[in-house]
Each structure stands twice: as structure tokens, then as C-alpha cells.
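All remarks here apply to the structure that follows.
The values are calculated or read from the model by the stated rules, or taken from the named source; none is laboratory data. All of these numbers come straight from a predicted model, not from anything done at the bench. Don't worry about glycine lacking a Cβ; one is built from the backbone with ideal geometry, like all the others, and counts go over all protein chains shown.
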């Protein structure tokens, strides 16, 4: 796994993202028609306040997979846990990027679509 400072992140206007949501203790919550109705209602309410497009969704009893296009989203790495020194590396990168931004210098760890990351 690359060091935290090697991860790429940036604002990605109009980016499309895949993610998975798993129910608590893998309870088959979405097997229930009422739960699916509530999920649909919550998604529609959220979309009315923060517009996004659901490109695709697979709903299974204990989890869902979905593909969304979001108008503005900050991309950051998935962290299953913190390693020793990760927080310090994150703050160093944050402070360095603030310094670079103020100085008009290129930022570190910016998404480069031409390079594929």
C-alpha cells in the first residue's frame, strides 16, 4: 500500500463513483418491501437537495452496489484503519497543500485524468 502522501485526491466535478453499502451485521434489511420504499424515498429527498444521478444500483438483501455521478465531490482514499503515523502524514500533506495553494504552486496528490488517476 502506498504511503498516505502517495494517494491521489482532488475535487472531481461531475465524477462518477462506484461504492458498496453493507447493512449493520449484514442484516437482510433490503429484503423488506417497506425498507426498500424508505430507501427510495430517502434517495429522492437527498437528490432534491443535493442533485446527483444514480447511474445504476444493485440492491441485495444485506447490501447494495451503486454507481453515482456527483456534480462536486472530494475524492479521498478508502482507509480500513489507521497505520502508525498516518494522521501525521495526512496533516503534513494538508499543510503543505495549503502553503502551495497560497503561494500559487502546484498541489500534491491531484487527480490527473490524462494519466488515469
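Output the residue which, of all residues in the stretch 26-52 that are surrounded by fewer than 13 Cβ atoms within 10 Å (Cβ to Cβ) and within 17 Å of the chain's Cα centre (by Cα), is farthest from residue 110 (Cα to Cα). Here the residue is 46.
Considered as a group, the residues in the stretch 16-52 that are farther than 13 Å from residue 62 by Cα and not in a helix (DSSP H, G or I) include one that is modelled with the highest pLDDT, and that residue is 52.
Cβ separations smaller than 6 Å between residues 6+ apart or across chains give the following pairs from the stretch 27-52 residues that are at negative phi and free of Cβ contacts under 8 Å to residues at least 40 places away in the same chain to residues that are outside any helix (DSSP H, G or I) and surrounded by 10 or more Cβ atoms within 10 Å (Cβ to Cβ): 28/61; 28/62; 29/23; 30/59; 30/61; 31/61; 52/68; 52/70. Go through the stretch 55-65 and give me each residue that's under 30 Å from residue 111 (Cβ atoms) and surrounded by 12 or more Cβ atoms within 10 Å (Cβ to Cβ). Listed by number, the residues that qualify are 55, 57, 59, 63, 64, 65. Restricting attention to the stretch 96-116, which residues are modelled with pLDDT under 80 and either exposed (fewer than 12 other Cβ atoms within 10 Å of the Cβ) or over 27 Å from residue 19 (Cα atoms) (or both)? 112, 113, 114, 115, 116, listed by residue number. In the condition set (1) over 18 Å from residue 14 (Cα atoms); (2) surrounded by 12 or more Cβ atoms within 10 Å (Cβ to Cβ); (3) modelled with pLDDT of 90 or more, residue 93 is compliant with all but (3).
Here residue 79 fulfils each of the conditions (1) in a loop (DSSP other than H, G, I, E, B); (2) at pLDDT 85 or above; (3) touching a helix residue (DSSP H, G or I) at 6+ places or on another chain (Cβ under 9 Å) apart from (2).
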